[in-house]
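K.L.:
Once you've had a glance at the structure underneath, I'll fire off some questions.
The values are calculated or read from the model by the stated rules, or taken from the named source; none is laboratory data. Please read all numbers here as calculations on a predicted model, not as lab measurements. Cβ placement follows ideal geometry from the backbone for every residue including glycine, while neighbour counts extend to all protein chains displayed. When the accessible area is computed, the model is the full protein with side chains, heavy atoms only, and any ligands, DNA or RNA have been set aside. Shrake-Rupley method; radii C 1.70, N 1.55, O 1.52, S 1.80 Å.
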Protein chains: 2
Amino acid sequence: MRKEAPVLSSSIVNEFRTIVGREWFLDEPEDLATYSYDGFLPEFMPDGVIVPATTGEISKIMRVAKRERINVVPRGAGTNICGGSTAKYGGVIMAFHRMDRIIEIDTADMCAVVQPGVVNADLQKEAAKHGLLYPPDPASMFVSTIGGNVALNAGGPRGVKYGVTKDYLLGLEAVLASGDVLRTGGRNLKDVSGYNLTQLMCGSEGTLGIITEITVRLLPLPPAKATLQAVFFDLGDAARTVSAIIESGIVPTTLELLDRVILDVIRNYGGAEFSTEAEALLLIEVDGESDLVERQGQRIEKFCMEKGAIEVNRATSPEEAEKVWQARRTAFGAVASLRPNCIVEDATVPVRRLPEMIEKIVGLAEKYRLKIGVLAHAGDGNLHPLIMTDLHDKDEMGRIDRALDELFETALGMGGTLSGEHGIGIAKKRFMSMQFNESTLEIMRGIKRVFDPDNILNPGSFL
Amino acid sequence: MRKEAPVLSSSIVNEFRTIVGREWFLDEPEDLATYSYDGFLPEFMPDGVIVPATTGEISKIMRVAKRERINVVPRGAGTNICGGSTAKYGGVIMAFHRMDRIIEIDTADMCAVVQPGVVNADLQKEAAKHGLLYPPDPASMFVSTIGGNVALNAGGPRGVKYGVTKDYLLGLEAVLASGDVLRTGGRNLKDVSGYNLTQLMCGSEGTLGIITEITVRLLPLPPAKATLQAVFFDLGDAARTVSAIIESGIVPTTLELLDRVILDVIRNYGGAEFSTEAEALLLIEVDGESDLVERQGQRIEKFCMEKGAIEVNRATSPEEAEKVWQARRTAFGAVASLRPNCIVEDATVPVRRLPEMIEKIVGLAEKYRLKIGVLAHAGDGNLHPLIMTDLHDKDEMGRIDRALDELFETALGMGGTLSGEHGIGIAKKRFMSMQFNESTLEIMRGIKRVFDPDNILNPGSFL
């Protein structure tokens, strides 16, 4: 499916400028550089960056792109860490900061209609003003956009209780590679008319169409929440506590696990105080009616102590809870400061297999002499091994490759998946045939051809 | 896409019998007749009925079917009311009563792995033994199968709080038209590897593949529930109470509305006692922790009274609650007894538009001189107008057609959908172009061609 995009002629550039306005087609070197990488590091210089303001403009752009066989890569904030939003084979990056309007918050139907460029946290804030919750909360939520979240089916810590982006997606408008407009779903919680193209588009990484309007479901904002922090001397104890909580019937809002590597880093970064002997930390949140939250908080506290926690602290104020989360959020940045690069993995396993999987990762670090920290959305089995490295160290990179092969083999052997929430992009493309048989991959390729016969939408991503 | 299936030669029949065993290929007239109709009435006589026992047998059957261009229509219990499981263009019906095993209930990962022929209520019962809940509860749950539920993306009264089949579907194994086996999803709550074929298959009405194994998510069984029944003198008051409850932030488990036509029928049928002046009844359930349920029950009671209910009764025991539900379930049968036939519609609108939509239906009954009762999963806007008729009455059927045109036009104009949970099948095929533009339909047709290039899987359904 590889193809080289033609260099953009000045007449095509003029055509694009006529569509979006002179200043909204960028081709200065510094602009191109800005859009040449995303959260995944390899750089691909695009031939241009186009910033449309309307669905109509996007249709026109796609008609030109199709006629001229120009690759178009839709891109939200570029926070994905799978290389999903770079121009792998050249072409034009399409950015959405001019389409960043919350069109409607509907308190009766409890849904929101937004443009793709709306930042996740802005939607959450606006919904909260109406007593409503938009649950998906990727770590990138203060910058990442709803369009990008839908394209990558973003998850987040609240996934344990609330699920991921797809679980709140009700309807979409998208522009196809042909320039035609696709409309699928709507505001209805129940809708079984025709194939579920809404869900098919979700997580398709910009390869099937350009999302131009999104309708999401909102929930009533839970009135109370409790934030707990449990420290363990033993990583296995912490992992087993996770499985025990899940199996007890309590559905926590979040259940995060941080291992010693991560804790040391956060401590040195001044992010928070933990016992220097701590081998693991669980960060647990429950939400709902206040008395229920109180009771569940107590049960979880008891659980942690029974399973070997050396201390359990409960935030006594929203500020204290925020401090705890701040420490958690600090982790990525702090880890990234240790070595020149940090590879964030995303293998996910059924929660029952979590203790084994964590053991495996610790073993891989030792076997391949790597520095790996474990940060996990443990409650749903979504692990983030953070591999600290230097992309220029060829020998170490070779060891990382071998460790990843083994990691994914193990995860898939446990009934896991290559990616829980980060996407495949180019980062894990080579592993797809480990997870899917050829017939299944051929169906995926066929679907891509139906939507985009010329392979101009984000070519090179995952297929 | 119309095509005539060839009559089955005796050598093909022999081939099928060699695959499944002599007695599991049926072609006696009485067998064919049994499988010639489903919940939607028109009859289509199949050429044979095949009952496989394994995925391997299904692969072999499909290789023969593909080679010989024989239509295959997978069919669960045939309770769908859209004509989704009949052999519209002849061919073979595939039945699943030999594949009815609950393979596993996993209490740690809270999921179940089942064969397609497992009856919904059996899975619910088995899950409950482990303290777990399988939420989707179509009215047909005592006979309909999980395979059929997935193929139709079945809903049910609990949809208001718990969503529908798709929301619990984690993974599938399916046999493609080619005989190849597709595996998609798994046990992971978070999974973004490749296109979401799991969700695409859900609700595809047996047109993309034959589902052979299903993994579903289970939830902790809620410890308590309350069942309330509120009687209104005014249908509009009842409808407005629905919107008010939803907007209050309470998420009821079920919120059903029955209008006077239905109530009269149930009463005459001896199903329950309601005031003869009752114009509408709301049947409301909440579940969860017992004190929360208690509080929500009280709030809902207060709400109903404020909005004009003349009485609100609360079931004081599980038996009393069951009696209330019995009355609700009686409705279909009772209505069906009034006239020779009953057309169950399924238009769905955003819940805010429910009062208007109910008014519209009452208006249509008057305008077209029809007897229409309204039974609605009101909490999620999923309406079931029951049109009592006689399929042989040409004049009345003509008026029904015109009423339906107007009904769907109105629903779609409100941002609604043709079908909330019943499916499109052949029943609403002619309305698809009202809901979807030609580009969107063309994408759906393209997807069908990718999965089933010879159009042998349930041809004639919805596309």
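K.L.:
For B:K367, give me every one of the lysines with a C-alpha distance below 21 angstrom, ignoring sequence neighbours fewer than eight places off in its own chain.
P.N.:
Counting by Cα, and skipping residues close in sequence, B:K367 has these lysines nearby: B:K394.
K.L.:
Across segment A:387-392, in residue order, what do the Karplus-derived ³J(HN,Hα) couplings come to in whole Hz, using 6.51 cos²θ - 1.76 cosθ + 1.60 with θ = phi - 60° and x for Gly and Pro?
P.N.:
Per-residue couplings from phi come out as 9, 8, 7, 9, 4, 7 Hz.
K.L.:
Let's test this: bin the Cα-Cα distances of the protein assembly as shown at 20 Å from zero up to the farthest pair and state each bin's percent.
P.N.:
Calculated P(r), rounded to whole percents: 14, 45, 34, 6, 0.
K.L.:
Can you work out ³J(HN,Hα) from phi for every residue in segment B:156-162, in order, using Karplus 6.51 cos²θ - 1.76 cosθ + 1.60 and θ = phi - 60°, giving whole Hz and x for Gly and Pro?
P.N.:
Those phi angles translate into x, x, 6, x, 3, 8, 9 Hz.
K.L.:
Could you pull the Rg and Dmax for segment A:402-463, using just the Cα atoms, both in Å?
P.N.:
Radius of gyration, then largest Cα-Cα span, for segment A:402-463: 12.9, 37 Å.
K.L.:
Additional query: Give me the Kirkwood hydrodynamic radius of segment A:26-111 in Å, from all C-alpha pairs, to one decimal place?
P.N.:
That comes to 14.0 Å for segment A:26-111.
K.L.:
Sticking with this one: Give me the accessible area per residue for the protein assembly as shown, probe 1.4 Å, as a whole number in Å².
P.N.:
36 Å²
K.L.:
Mind checking the dipole of segment B:185-286: about its Cα centre, +1 per Lys or Arg Cβ, -1 per Asp or Glu Cβ, Debye to the nearest 20?
P.N.:
Taking the Cα centre of segment B:185-286 as origin, the dipole is about 560 debye.
K.L.:
In what sequence, highest mean first, do A:283-291, B:79-87 appear when ranked by Cβ atoms within 10 angstrom?
P.N.:
Details: A:283-291: 20.7, B:79-87: 26.4.
Top of the packing list down: B:79-87, A:283-291.
K.L.:
Helix B:394-413: angle to the longest alpha-carbon principal axis of chain B, degrees 0 to 90, nearest 10?
P.N.:
Around 80 degrees separate the two axes.
K.L.:
If you don't mind, there's one more thing I want to ask. Dipole size in debye (nearest 20) for the protein assembly as shown around its Cα centre, Lys and Arg Cβ +1, Asp and Glu Cβ -1?
P.N.:
1540 debye
K.L.:
Across peptide B:408-416, how many C-beta atoms of other chains are within 10 Å of each residue C-beta, on average?
P.N.:
Working: counts 0, 0, 0, 1, 2, 0, 3, 7, 5.
Across B:408-416, the average partner-chain Cβ count within 10 Å equals 2.
K.L.:
Quick one: helix A:354-367 against the long Cα principal axis of chain A, what's the angle to the nearest 10°, folded into 0 to 90?
P.N.:
So the inclination is approximately 80 degrees.
K.L.:
Compare the Cα positions of A:G423, A:M357, A:Q326 along the charge dipole of segment A:293-442 (+1 at Cβ of Lys, Arg; -1 at Cβ of Asp, Glu; about the Cα centre) and return the one farthest towards the positive end.
P.N.:
It is A:Q326.
K.L.:
What would the Debye equation give as log₁₀ I(q)/I(0) for segment B:247-337 at q = 0.11, 0.13 Å⁻¹, counting only Cα atoms as equal point scatterers?
P.N.:
-0.33, -0.46
K.L.:
Additional query: Would you pull out the residues with amide H under 5 Å of B:V73's amide H, same chain only if 5 or more places away, H placed 1.01 Å from N?
P.N.:
Residues meeting the criterion, in which the H sits 1.01 Å from N, are B:V92, B:I93, B:M94, B:N458.
K.L.:
Straight-line reach from A:K66: which lysines have Cα under 21 Å away, leaving out those fewer than 8 places along the same chain?
P.N.:
A:K3, A:K88, A:K448
K.L.:
Using only atoms on other chains, find how many Cβ atoms lie within 10 Å of each Cβ of peptide B:428-435 and report the average.
P.N.:
Going residue by residue through B:428-435 and averaging, the value is 1.
K.L.:
Among A:K302/B:K129; B:K166/B:K190; B:K125/B:K225; A:K129/A:K225, which pairs are too far apart, with a Cα-Cα distance over 20 Å?
P.N.:
A:K302/B:K129
K.L.:
Further question on the same structure: Once the mean 1/r over all distinct Cα pairs of chain A is inverted, what Kirkwood radius in angstroms do you read off?
P.N.:
Values: mean 1/r = 0.0434 Å⁻¹.
Roughly 23.0 Å, rounded to one decimal.
K.L.:
Enumerate the calculated ³J(HN,Hα) couplings along segment B:373-380 in order (Karplus 6.51 cos²θ - 1.76 cosθ + 1.60, θ = phi - 60°), each rounded to whole Hz, writing x wherever the residue is Gly or Pro.
P.N.:
x, 10, 10, 9, 6, 5, x, 10
K.L.:
While we're looking at this one, here's another question. Would you work out what percent of the accessible area of the protein assembly as shown, with all protein chains in place, is carbon or sulfur (probe 1.4 Å)?
P.N.:
50 percent
K.L.:
Continuing with this model, one more query. When you count, for each residue, the other Cβ atoms within 10 Å and take the mean per peptide, how do A:91-100, A:313-322 rank with the highest first? Each step should come with its number before you reach the end.
P.N.:
Working: A:91-100: 22.8, A:313-322: 13.0.
Packing proxy ranking, top to bottom: A:91-100, A:313-322.
K.L.:
Give me the tail of P(r) for segment B:1-149 as a percent: Cα-Cα pairs with distance above 26 Å. Don't jump to the answer; show the numbers that get you there.
P.N.:
Working: 3382 of 11026 pairs.
Everything past 26 Å amounts to 31 percent.
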